[in-house]
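These notes are about the structure you will find just below.
Read-outs throughout are calculated quantities, based only on the coordinates presented, and are distinct from any laboratory measurement. Keep in mind that what you see is a predicted model, and the values were worked out from it rather than measured. Please note: Cβ atoms are built from the backbone with ideal geometry, for glycine as well, and neighbour counts cover all protein chains shown.
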Amino acid sequence: MSIKNTKKIKEFKGAVIGISAGAINLGKISLCSKDLEDGIEKTQTYNGIGRVNYTFEPHFDKNNIDLLKNELYPISTDLNIYGLTNNTGVKISENEKYEIIKGDLYIISHKKLKLII
């Protein structure tokens, strides 16, 4: 994606929808988690678009203990990660408040996992 398009998405005044990797990239700090099936050998963070100040982990599976303990927990000491299970929808307003529309949203912070109700 070009820097020109990134700036347009970040500054756009209407609704922006991010699905899967699109949700990941909307964050100020983005996360690409380990997924050997997709050839990702190690979890990495990188600068995202910065549309929101959240870091998302879509397709989150709380039962994937290996990913949690070995990849996400260590990162969560410096960065709050929001795990969205499949079919979860979250609306984030201009003031950075979130609203769970459907599904389960978890926060992974300081090596702990918590369901957000």
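Could you work out the percent of alpha carbon pairs in region 21-63 separated by over 15 Å, rounded to a whole number?
Working: 379 of 903 pairs.
Counting pairs separated by more than 15 Å, the tail of P(r) holds 42 percent.
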Where labels lie 7 Å past Cα in the beta-carbon direction, separation of Lys4 and Asp35 in nm: 3.0 nm
Net charge of Cβ neighbours under 11 Å - reference Asn53; Lys, Arg +1; Asp, Glu -1: +1
As computed over the chain, the Cα convex hull volume per residue (Å³): 107 Å³
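What's the magnitude of the charge dipole for the chain around its Cα centre, counting Lys and Arg as +1 and Asp and Glu as -1 at the beta-carbon? Answer in Debye, nearest 20.
Details: 17 positive and 14 negative charges, 104 e Å.
About 500 debye.
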Inter-part distance where region 1-71 and region 80-117 are each reduced to a Cα centre, Å: 13 Å
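Ranked by Cβ crowding within 10 angstrom, fewest neighbours first, how are Glu71, Glu99, Glu37, Glu57 ordered? Walk me through the intermediate numbers first.
Details: Glu71 19, Glu99 10, Glu37 5, Glu57 23.
Least crowded to most crowded, the residues run Glu37, Glu99, Glu71, Glu57.
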Fewest-first ranking of Ser76, Ser33, Ser109, Ser93, using other Cβ atoms within 10 Å as the exposure measure: Ser93, Ser109, Ser76, Ser33
Whole-number D in µm²/s for region 62-117 (Stokes-Einstein; Kirkwood sum over Cα pairs; 20 °C, 1.002 mPa s): 180 µm²/s
Qualifying lysines (Cα of each under 30 Å from Cα of Lys97; at least 8 residues distant if same chain): Lys4, Lys7, Lys8, Lys10, Lys13, Lys28, Lys34, Lys62, Lys69, Lys111, Lys112, Lys114
